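Worksheet: the structure to be examined is printed underneath.
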Amino acid sequence: MNQDFIKELGYKALDSRLKRISDRMSHDVRKFYKEMNIDVEPNWYLVFMLLQKNKEMSIIDIAEPLGYSHPSVVAIVKKMADKDYLVIKKDSIDKRKQMVSLTEKAVKMLPQLEQIWDSCEKAILQVLSDDLGILAYLDSIDARLKDDSFHDRFKKEYLKTNIV
């Protein structure tokens, strides 16, 4: 049996198709890190990059530009701190706020990680055949979903045919 049910479904399985692509890429990056004896998870690179640029940030300030939920950033940051890549301390003014920064270990690894990220970027461009049109389309989808959530859109469609 050589069928691809998700592909067969087309746009109806858009979320599953995007997740499958993302999972494949993450799996391969994780495999590469393991081969290189680097104890880093694929989804940590954004936090590394933000903290490299901004030195110290609160959890909320990390979550916002990534569009991630506060709990998901807390989980990532905790895992990174457990591996000694991040320092977490209470804010000097607002003791409820946690401030996050890179450890010396993380800073020392950044040149190697940047080389890996650069290679990853080049590999992505190969996969995309240097056609970045998909990014504009994803921006458009993202903007539409910010204007009117997917929840609201499909609920409206459902209520059109199924009067509650």
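Below are the figures for this structure:
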item: Dmax and Rg, reported as Rg then Dmax, of segment 61-150 (C-alpha, Å); result: 17.5, 49
item: Dipole magnitude (debye, nearest 20) for the chain, charges at Cβ of Lys, Arg, Asp, Glu; result: 580 debye
item: Residue-level accessible surface for residue 161, protein heavy atoms, 1.4 Å, Å²; result: 110 Å²
item: Sequence of 100, 29, 107 from largest to smallest accessible area, 1.4 Å probe; result: 107, 29, 100
item: In degrees, nearest ten, helix 70-82 long axis to first principal axis of the chain (Cα); result: 40 degrees
item: Dipole of segment 81-148, positive direction: furthest Cα of 116, 129, 93, with charges on the beta-carbon; result: 93
item: Rough spin-label spacing in nm, given labels placed 7 Å along Cα→Cβ, for residue 117 and residue 31; result: 2.4 nm
item: Solvent-accessible surface (1.4 angstrom probe) belonging to residue 134, in square angstrom, nearest 10; result: 80 Å²
item: Unit charges at the beta carbon, dipole of segment 1-67: most positive-side option, 33, 5, 43; result: 5
item: Chymotrypsin sites (Phe, Trp or Tyr not before Pro) within segment 1-61: DSSP coil, no more than 10 neighbouring Cβ in 10 Å; result: none
item: Summed residue charge, Cβ within 11 Å of residue 6's Cβ, Lys/Arg positive, Asp/Glu negative; result: +2
item: Stokes-Einstein D for segment 1-83, Kirkwood Rh over Cα pairs, 10 °C, 1.306 mPa s (µm²/s); result: 106 µm²/s
item: Local electrostatic count, residue 53, Cβ distance below 13 Å [Lys/Arg +1, Asp/Glu -1]; result: -2
item: C-alpha long axis of helix 133-147 to longest principal axis of the chain, angle in °; result: 80 degrees
item: Helical mean residue ellipticity (222 nm; -39500 (n - 2.57) per DSSP H run of 4+; nearest 500) of the chain; result: -21500 deg cm²/dmol
item: Segment residue 24-residue 159, extension gain: residue separation times 0.36 nm, minus the distance between their alpha carbons; result: 45.0 nm
item: Relative contact order, percent, the chain [alpha-carbon distance under 8 Å, six or more residues apart]; result: 13 percent
item: Solvent-accessible area per residue, Å², over the chain with all protein chains present [probe radius 1.4 Å]; result: 76 Å²
item: Of every Cα-Cα pair in the chain, the percent that sits beyond 21 Å; result: 61 percent
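The values are calculated or read from the model by the stated rules, or taken from the named source; none is laboratory data. In this text the structure is predicted, and so the values were computed from the model without any measurement. Counting neighbours? That spans all protein chains shown, and the Cβs are built from the backbone with ideal geometry, glycine included. Ligands, DNA and RNA are excluded from the accessible area calculation, which covers all protein heavy atoms including side chains. Shrake-Rupley method; radii C 1.70, N 1.55, O 1.52, S 1.80 Å.
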